[in-house]
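Q: Handing you this structure, nothing more for now.
The numbers here are math on the coordinates, done by the rules we state, and not lab data. Here the structure is a predicted model, which is why all the values come from computation and not from measurement. Cβ coordinates were reconstructed from backbone atoms using ideal geometry, including for glycine residues, and neighbour counts include every protein chain displayed.
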């Protein structure tokens, strides 16, 4: 099945800093999603981005499908950005998402 | 409703008992998924429902696990004869179609003692 690898595994930032999270996947995909799991466990869909670039406020994502990677940019980080960021892609189907192990982000005040 | 609703939010059960977990997806979403999240295992796919098609049960870890979706809406995940290794957070998600973003519920934290 598809392999989804995320880096870095952990990241500590001071409030206001920018960061880039990376997701590599082992096969071509037509569905890639980024999620944020907050400290209370709720998973929030940030982006559905099989290709191209999208922006939502301070967050943006870029997927280069031909090179099998996606990047999540967080600008002017806030303490509420803390949590685990997951990327997920389907392994051999359009629907069964395989999740990476996540990046644990801690934003300190 | 506005989001995916799961109940109960927490469940503590004795080893060997059966449990039922419920998921109420977003109205109009044809696709429904169950995942499990446990320490050290990440997020594991369990089962997928799409409209009236036969469900994809390939992720169910054993025959003690079963799920159904009635009327293309509410889904229940049943675990029979629970074991301690079943302890995890069970997450339900729905999407408009196969190529749409998932919306997750808040999950059911299951603890088997």
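Q: Give me the inter-chain shielding for B:95-101: mean count of other chain Cβ atoms within 10 Å, whole number please. Please report the intermediate quantities before stating the final value.
A: Numbers: counts 6, 0, 2, 7, 7, 6, 9.
So the per-residue partner count for this stretch is 5.
Q: Still on this structure, I have one more. Could you work out the Kirkwood radius for region A:22-72, taking every pair of different alpha carbons, averaging 1/r and inverting it, reported in Å?
A: Details: mean 1/r = 0.0876 Å⁻¹.
About 11.4 Å for region A:22-72.
Q: Now, a different point. How many angstrom lie between the C-alpha centres of region B:1-75 and region A:49-74?
A: Centre-to-centre distance over Cα atoms comes out at 29 Å.
Q: Evaluate peptide A:96-104: per residue, the Cβ atoms of other protein chains within 10 Å of its Cβ; return the mean as an integer. Mind showing how you got there, number by number?
A: Values: counts 9, 8, 4, 6, 2, 4, 2, 0, 0.
That average works out to 4.
Q: Let me ask something else about it. Only residues of region B:43-64 count here: report those whose backbone N is under 19 Å from the spot 7 Å along Cα→Cβ of residue B:85, or say none.
A: B:43-47, B:58-64
Q: How large is the Kirkwood hydrodynamic radius of the protein assembly as shown, counting all unique pairs of alpha carbons, in Å? Spell out each step's value before the answer.
A: Numbers: mean 1/r = 0.0557 Å⁻¹.
In the protein assembly as shown this quantity evaluates to 18.0 Å.
Q: Quote the convex hull volume per residue of chain B, based on C-alpha atoms, as a whole number of Å³.
A: Details: hull volume 10.6 nm³, N = 113.
Given the Cα convex hull of chain B, per-residue volume reads 94 Å³.
Q: At a Förster radius of 35 Å, what calculated FRET efficiency corresponds to the Cβ-Cβ distance of residue B:74 and residue A:80, to the nearest 0.05? The partial results should precede the final answer.
A: Details: r = 32 Å, r/R0 = 0.92.
My answer for the efficiency is 0.60.
Q: Something else about it: Expressed as a rounded percentage, what relative contact order does region A:16-109 have, with Cα pairs under 8 Å and six or more residues apart?
A: Computed over region A:16-109, the figure is 31 percent.
Q: Related question: Can you give the average number of partner chain beta-carbon atoms within 10 Å of each beta-carbon in peptide A:80-91, as a whole number?
A: On the way: counts 0, 0, 0, 0, 0, 0, 2, 0, 4, 0, 3, 1.
Across A:80-91, the average partner-chain Cβ count within 10 Å equals 1.
Q: Which FRET efficiency value, to the nearest 0.05, do you get for residue A:30 and residue B:27 by plugging their Cβ-Cβ distance into 1/(1 + (r/R0)^6) with R0 = 22 Å?
A: Working: r = 26 Å, r/R0 = 1.19.
E(calc), rounded to 0.05, equals 0.25.
Q: If I model a spin label as a point 7 Å beyond the Cα along the Cα-Cβ vector, how far apart are those points for residue B:12 and residue A:3 in nm?
A: It is 4.2 nm.
Q: Moving on. For each of A:29, B:112, count neighbouring Cβ atoms within 10 Å of the residue's Cβ, then give the residues from fewest to most. Show your work: numbers first, answer last.
A: Working: A:29 22, B:112 19.
Taking fewest neighbouring Cβ atoms as first place, the list is B:112, A:29.
Q: Order B:87-95, A:48-56 from most to least packed using the mean count of other Cβ atoms within 10 Å. Don't jump to the answer; show the numbers that get you there.
A: On the way: B:87-95: 22.9, A:48-56: 14.0.
Sorting B:87-95, A:48-56 by mean packing, highest first, produces B:87-95, A:48-56.
Q: State the extension gain, in nm to one decimal, for the chain segment bounded by residue A:101 and residue A:73, taking 0.36 nm per residue of separation less the distance between their alpha-carbons.
A: 8.3 nm
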